[in-house]
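Please read the structure below before turning to the comments.
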């Protein structure tokens, strides 16, 4: 049961982080390319971690709950 919960959690996180990183790099990648790697990594993580924790994952959880209610 624990392995299933961890798998679901990792899938939820991947569903948020993959498109978020892709969009971030699409929008800001060319501008950030001039910066050193450690600065780019700091900017990427300092903006995307709060986005994931406070906005994207709660919205995803809400959408999953709404979808689950309709299918039951």
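Derivation of every value follows stated rules applied to the coordinates shown; laboratory data play no part. What you are looking at is a predicted structure, and each value in this text was computed from that prediction instead of being measured. We place every Cβ from the backbone using ideal geometry, glycine too, and count neighbours over all the protein chains shown.
Computed values, structure above
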read-out: Point-to-point label distance, residue 37-residue 55, nm (Cα→Cβ direction, 7 Å offset); value: 2.9 nm
read-out: Label point distance in nm, residue 28-residue 70, each placed 7 Å from Cα along Cα→Cβ; value: 3.3 nm
read-out: Alpha carbon centroid spacing (whole Å) that separates segment 31-61 from segment 10-27; value: 10 Å
read-out: Helix-derived mean residue ellipticity, 222 nm - over the chain, DSSP H n ≥ 4, -39500 (n - 2.57), to 500; value: -28500 deg cm²/dmol
read-out: FRET E, pair residue 62, residue 10, Förster distance 22 Å, beta-carbon r, rounded to 0.05; value: 0.70
